[in-house]
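**Student:** Structure incoming, see below.
The values are calculated or read from the model by the stated rules, or taken from the named source; none is laboratory data. Predicted model, so just to flag it, every value in this text is computed and none were measured. For neighbour counting, all protein chains shown are included, and Cβ atoms are generated from backbone atoms with ideal geometry for every residue, glycine included. For the accessible areas, the whole protein counts, side chains as well, though only heavy atoms, and no ligand, DNA or RNA atoms are used. Shrake-Rupley method; radii C 1.70, N 1.55, O 1.52, S 1.80 Å.
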Amino acid sequence: MSDILVEVNELRKYYSIGNGRQVKSVDDISFSIRKGETLGLVGESGSGKSTLGRTIVGLYPPTSGSVSFAGTDLATARGRQKREINRQMQLIFQDPQSSLNPRLRVGEIIAEGIEAHGLAKGREKAERVHQLLEKVGLHPDHAKRYPHEFSGGQRQRIGIARALAVQPSFIVADEPISALDVSIQAQVVNLLADLQAESQLTYLFIAHDLAMVKYISDRIGVMYLGRMMELAESDDLFAKPLHPYTQVLLSTMPVSHPKHRAERERIVIGEPPSPINPPTGCPFQTRCPQAMGICKQIAPTWREVEAKHWVACFLYE
Amino acid sequence: MTNVLEVEDLHVSFRAYGGEIQAVRGVSFAVRPGETLAIVGESGCGKSVTARAILGMVKAPRGRVKKGSVRLQGRELSCLGKKELQQVRGAQIGMIFQDPMTSLNPTMKIGTQIAEVLIKHQKLAKKQAREKAIELLAAVGIPEPARRYEQYPHECSGGMRQRIVIAIALACDPELIIADEPTTALDVTIQAQILALLNDLQRTKGTSIIMITHDLGVVAEVADQMAVMYAGIIVEQGPVEEIFDNPQHPYTKGLLQSVPRLDQPSEERLIPIQGAPPDLFAPPAGCPFAARCDHAMEVCAQYMPKSTAFSAQHQAKCWLHDRRAHRVEELVSAGREQHV
C-alpha cells in the first residue's frame, strides 16, 4: 500500500472575468501529500493558495487536471464512495466569525456533519458533541450557546471540532490562526499538533506567517501567481532555498531578535503583477533579480532537481 | 535633549450599552527625538486608542479622555481646541493608518490629496504644492511620480497606497509620526519594503515614530524602545534589545515564547498563554494578567503592582519584583518546568 493520501495532478482552476479573459488562480500544479504529514503552503495574497486548498477538497470543481484521494479520483467518484471521500476531507477556515452560522447553537453546528453522514443519532450524537468539545478544550455545556458568545480563539476551536466531528483523515486548514491574537495562536497550533498525533491526521496548512509554517510543516510548498514555485522538506527549504522567489520571501521575513538587524540582507523586488494580466513565461520573471532571456518566453517545468526538492526555474534546468 | 512627546497618566473610556469600557488605564511614556517607540499588544489592549488620544481623535460623546496629559515638545495638547488640534495634526504629527484602502479619499487624485496638506499647513501656492508633492512621491519610492500624481487610489496596489499615505504623513516634515499597524494589511515582501522605507526616512529626517503593532517581528525590525500593553496598561517598557533578551513581565515573556523562532525544532512545543484577556467593562482590581499568569500570587489579584526599574529606561509592573516576594527565580523556573 502506498503512503500517499492526496495526489494532485496538473490541477488548474481558472475563473472567467468577462471579455473572454481569465484569472488562472491555480495553474498546472502537481504534488502529493503523504499520509500523516503536514504540508505547509505559503504565498502572498492572490497567489492561489486558498483556491488550491478548496479545489483539492472538491469545494470548487477544477478546470482541468485531477485530484485523487487514497487512490480514488474525485471526479469519477459517485454515490457512497463520493460521500465517503467528502467525510474524509474537511476544511478549517480563516475567519472564525463568518464561518459559523450565527443562528445555530454550537452543538447543532458540530452535529450537522454527524447527522449528514449518519454517524450517530440521539443520545449518542449528543455524547459525541460533548466529547468533541472537550477534545478541543471547551466545556460540554458550551454546546447550548451561540457562536457570538465566544472569543475568536474559542470560535476557531469550534470550527476545529466541527471538522473533526466526521472523523476525517485529511484536513485543509486555510489560515486557521491568522485572525487570532499572538498569545492565542500558539494555543490553536498546539491543539492541531495534539490532534494530529492522536488521530494520525494529514494536514494541508495554508498560511503566510513563514516562521509558523516552518514550525508546523514537514514540507513546504511556495506559490506565486497560481503556480507552485518550489516544494521541499521544511528544513531544506529554509537552509537552501533554490527558487529566487523563495529566496526573496525568506529575506523579507522580520528578524526574530533586534540584534540580527544588521546581519540581514534584504533582496528588494518590485510590486507584484496583476493576476488578471500575468507576465509571459515564468510568472516571477518581472521581479526576479536573476531573470534570463528564456524566462520571458516559456514557463519553466516543474522538476525534482534534488532528492525531494522540487522547483520550477530555468536556473536549475 | 528634550522629549518630542510625553504622555502622562492617560485614561480613556468609552460609553457602551453594558457600561463604561476603560480602554486605557493610566499610560505614561516618552518619545525622544529620532527614536522609534513600538507599542505592542493584542487586540483590545488599548494601543490604538492611546494613539487616537494623543491625536485628540477620541470622539465625544461615546469616548472621553478622562485624565492625563499629552505634551508635544512641551506644549500641552489635551486642552487645545478643534482648530488648534487640526494644526498640530498633519503639520507636527503625521499619521499612518492600518488600512491603506480606506485612509485615502477614493474620489480625489493622489497628487491633490498630498498637495492639499501642503496648501493648508505650509501655505504653499498650488504650483509649488504640486512640485513638492511630486518630490514626496519620489521620496517614498513611487516610480513615475508625475504620472501617479494624476491617478486615483484605486489605480494603485496596496503597497503603493501605503507609500502614498506615508508621503502625506511626511508632507510637512512632522516631528512625530504615529503609525498604527502600517504593514498589517500588506504582504510580507511589501511589508519589508515599507519598514525599510520608514527606517530610511527616519535616518535622513530624524523624525520620531510611534509604531503600533501586534507583531513582535516588526518590533524587532524597527523599534528602539518598546512598550508592552495589556488590558489598558503598559506592563513593561524599555529598550527593545533589553526586553527581548531579558523580559521582566510574565506577559512579555509569554508573548516572546508563543511565537516560533526559526531555529526552533518542531519537536519543541510552543508555550501558549492560557486563557483570554480580561473584560474591560470591569477590569480586575489587581494586575490584569494575574488570571493567566503562571506565577500569580494572592496579592496579584487584589492590588495593582507598582513599577520596578531594572535600568535607566527598563521598567515593568509585576509583584514578582517586589522585594517582599522572595524566590522569584525559583518561582520562574518552577513555572517553566510545568510546561516542559
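**Student:** In whole Å, what are the extents of the protein assembly as shown along the principal axes defined by its C-alpha atoms, from largest to smallest?
**Tutor:** That gives 75, 65, 45 Å along the principal axes, largest extent first.
**Student:** On to the next question. Using a 1.4 Å probe, how large is the accessible area of B:Phe244, given in Å² and rounded to the nearest 10?
**Tutor:** For B:Phe244, the solvent-accessible surface is approximately 30 Å².
**Student:** Keeping all protein chains in position, work out how much accessible area B:Thr2 exposes to a 1.4 Å probe, and write it in Å² to the nearest 10.
**Tutor:** Roll a 1.4 Å probe over it and B:Thr2 shows about 110 Å².
**Student:** Given the peptides A:248-256, A:221-229, arrange them by the average over their residues of other C-beta atoms within 10 Å, most packed first. Provide the component values of the computation, followed by the final result.
**Tutor:** On the way: A:248-256: 20.6, A:221-229: 25.9.
Top of the packing list down: A:221-229, A:248-256.
**Student:** Over the residues of the range A:239-317, compute the C-alpha Rg and express it relative to 2.2 N^0.38 Å.
**Tutor:** Numbers: Rg = 14.5 Å, N = 79, 2.2 N^0.38 = 11.6 Å.
Cα-based Rg divided by the globular estimate yields 1.25.
**Student:** Still on this structure, please answer the following. Enter the accessible area of A:Arg87 (Å², nearest 10), with the probe set to 1.4 Å and all protein chains included.
**Tutor:** So the heavy atoms of A:Arg87 present about 40 Å² to solvent.
**Student:** To the nearest 10 degrees, how steeply does helix A:122-135 sit against the main Cα axis of chain A, on a 0 to 90 scale?
**Tutor:** 50 degrees
**Student:** Please work out the Cα center distance from the range B:6-77 to the range B:111-182, rounded to the nearest Å.
**Tutor:** Between the Cα centres of the range B:6-77 and the range B:111-182 lies a distance of 27 Å.
**Student:** Roughly speaking, to the nearest percent, how much of the range B:102-171's 1.4 Å accessible area is carbon and sulfur? Please report the intermediate quantities before stating the final value.
**Tutor:** Working: 1860 of 3340 Å².
So the carbon and sulfur contribution to the accessible surface is 56 percent.
**Student:** Hey, what number do you get for the protein assembly as shown at 222 nm if only DSSP H runs of n ≥ 4 count, each worth -39500 (n - 2.57), divided across all residues, to the nearest 500?
**Tutor:** Details: 21 runs with 215 residues, N = 657.
About -9500 deg cm²/dmol.
**Student:** Right, another one. Where does the charge balance sit around A:Ile109 when Lys and Arg score +1, Asp and Glu -1, over other residues with C-beta under 11 Å from its C-beta?
**Tutor:** On the way: positive: A:Arg103, A:Arg105, A:Arg145, A:Arg155, A:Arg162; negative: A:Glu108, A:Glu112.
Net local charge, A:Ile109 excluded: +3.
**Student:** Angle, helix A:79-88 long axis vs. longest principal axis of chain A, Cα atoms, 0 to 90°, nearest 10?
**Tutor:** Its long axis makes an angle of about 80 degrees.
**Student:** Test of understanding: extend the Cα→C-beta vector of B:Arg62 to 7 Å, then name every residue of the range B:18-42 with backbone N under 17 Å from that spot.
**Tutor:** Correct set: B:18-24.
**Student:** For A:Trp310, A:Trp302, write out the residues from largest to smallest accessible area, computed with a 1.4 angstrom probe and no ligands counted. Each step should come with its number before you reach the end.
**Tutor:** Details: A:Trp310 85, A:Trp302 60 Å².
I get A:Trp310, A:Trp302, largest accessible area first.
**Student:** Quick one: compute the contact order of the range B:129-186, relative version, from alpha carbon pairs under 8 angstrom and 6+ residues apart, as a percent.
**Tutor:** Once normalised by length, the contact order is 35 percent.
**Student:** Starting from the amide H of B:Tyr230, placed 1.01 Å from N in the peptide plane, find each other amide H under 5 Å away whose residue is 5 or more places distant or on another chain.
**Tutor:** Here B:Val235 satisfy the definition.
**Student:** How large a share of the accessible area of the range A:239-317, in percent, is made up of carbon and sulfur atoms when the probe is 1.4 Å and the other protein chains stay in place?
**Tutor:** On the way: 2320 of 4100 Å².
Of all accessible area on the range A:239-317, carbon and sulfur atoms account for 56 percent.
**Student:** Please give me, ordered by residue number, the trypsin sites (Lys or Arg not before Pro) of the range B:1-60 that lie in loop per DSSP and have at most 16 other Cβ atoms within 10 Å.
**Tutor:** Numbers: sites: B:Arg15, B:Arg25, B:Lys47, B:Arg52, B:Lys59; in loops: B:Lys59.
Answer by residue number: B:Lys59.
**Student:** Contact order normalised by length for chain A, with contacts defined as Cα pairs under 8 Å and 6 or more residues apart; what percent is it?
**Tutor:** Details: 577 pairs, mean separation 62.9, N = 317.
In percent, rounded to a whole number, it is 20.
**Student:** Suppose a student asked you for the relative contact order of chain B, using Cα pairs under 8 Å spaced at least 6 residues apart; what percent would you report? Each step should come with its number before you reach the end.
**Tutor:** Working: 615 pairs, mean separation 65.3, N = 340.
Rounded, it is 19 percent for chain B.
**Student:** Using a probe radius of 1.4 Å on protein heavy atoms only, what is the accessible area buried between chains B and A, both sides summed, to the nearest 100 Å²? Present the calculation step by step, with values, prior to reporting the outcome.
**Tutor:** Values: alone 17350 and 15790 Å², together 29760 Å².
Using a 1.4 Å probe on protein heavy atoms, the buried area is about 3400 Å².
**Student:** Now, a different point. Could you tally the net charge around B:Arg15, taking each other residue with its Cβ under 15 Å from the Cβ of B:Arg15, Lys/Arg +1 and Asp/Glu -1?
**Tutor:** On the way: positive: B:Lys59, B:Arg62, B:Arg64, B:Lys66; negative: B:Glu20.
Result for the local shell: +3.
**Student:** Once R0 is set to 30 Å, what does the formula 1/(1 + (r/R0)^6) return for the Cβ-Cβ distance between A:Gln200 and A:Glu304, expressed as a FRET efficiency to the nearest 0.05? Write out the running numbers ahead of the final one.
**Tutor:** Details: r = 27 Å, r/R0 = 0.88.
The calculated FRET efficiency here is 0.70.
**Student:** Need one number: % antiparallel among DSSP beta bridges in the protein assembly as shown, to the nearest 5. Please report the intermediate quantities before stating the final value.
**Tutor:** On the way: 58 of 94 bridges.
Restricted to the protein assembly as shown, the bridges split so that about 60 percent are antiparallel.
**Student:** Under a Cβ-Cβ cut-off of 9 Å, what is the net charge of the residues other than A:Gln94 that fall near it, where Lys and Arg count +1 and Asp and Glu count -1?
**Tutor:** Values: positive: none; negative: A:Asp95, A:Asp174, A:Glu175.
Its environment carries a net charge of -3.
**Student:** How large is the Kirkwood hydrodynamic radius of the range B:28-184, in angstrom, based on all distinct alpha carbon pairs?
**Tutor:** On the way: mean 1/r = 0.0600 Å⁻¹.
One over the average 1/r among Cα pairs gives 16.7 Å for the range B:28-184.
**Student:** Return the long-range amide H neighbours of B:Gln73 (sequence gap of 5 or more, or a different chain), with a cut-off of under 5 Å between placed amide H atoms.
**Tutor:** B:Leu5, B:Glu6
**Student:** Please report the orientation-averaged projected area of chain B, defined via the convex hull of its C-alpha atoms, in nm². Walk me through the numbers on the way to the answer.
**Tutor:** On the way: hull surface 76.5 nm².
Hull-based average projected area comes out at 19.1 nm².
**Student:** Which three numbers, in whole Å and largest first, are the semi-axes of the equivalent ellipsoid of the range A:173-317 derived from its Cα gyration tensor as √(5λ)?
**Tutor:** On the way: eigenvalues 168, 71, 46 Å².
Sorted largest first and rounded, they come to 29, 19, 15 Å.
**Student:** Ordered by residue, what ³J(HN,Hα) values in Hz, to whole numbers, does the range A:226-242 give under the Karplus form 6.51 cos²θ - 1.76 cosθ + 1.60, where θ = phi - 60° and Gly and Pro are x?
**Tutor:** Rounded to whole hertz, the list is x, 10, 7, 9, 7, 8, 7, 4, 3, 4, 4, 4, 6, 6, 9, x, 8.
**Student:** Using only the heavy atoms of the protein chains and a 1.4 Å probe, how would B:His314, B:His154 rank by accessible area, largest first?
**Tutor:** B:His154, B:His314
**Student:** A further question on this structure: List the pairs from B:Lys205/B:Lys306; B:Lys47/B:Lys127; A:Lys259/B:Lys317 whose alpha-carbon separation is above 30 Å, in the order I gave them.
**Tutor:** Details: B:Lys205/B:Lys306 37 Å; B:Lys47/B:Lys127 39 Å; A:Lys259/B:Lys317 25 Å.
Table pairs above 30 Å Cα-Cα are B:Lys205/B:Lys306; B:Lys47/B:Lys127.
**Student:** Considering every residue in B:268-281, what mean count of other chain Cβ atoms within 10 Å of its Cβ is obtained? The partial results should precede the final answer.
**Tutor:** Working: counts 1, 6, 10, 2, 11, 6, 5, 5, 9, 4, 0, 0, 0, 0.
Counting other chains' Cβ atoms within 10 Å and averaging over B:268-281 gives 4.
**Student:** Further question: To the nearest µm²/s, what D does Stokes-Einstein give for the range B:186-340 at 25 °C and 0.890 mPa s, using the Kirkwood radius over alpha carbon pairs as Rh? Present the calculation step by step, with values, prior to reporting the outcome.
**Tutor:** On the way: Rh = 17.3 Å.
For the chosen part, D equals 142 µm²/s.
**Student:** Quote to one decimal, in nm, the extra length available between A:Arg78 and A:Leu104 on full extension: 0.36 nm per residue of separation minus the C-alpha distance between them.
**Tutor:** On the way: separation 26, 0.36 × 26 = 9.36 nm, distance 3.03 nm.
Going from the current span to full extension adds 6.3 nm.
**Student:** Another one. Share of Cα-Cα pairs in the range B:102-171 beyond 13 Å, in percent? If you can, show how the numbers build up before the last one.
**Tutor:** On the way: 1368 of 2415 pairs.
Distances greater than 13 Å cover 57 percent of the Cα pairs.
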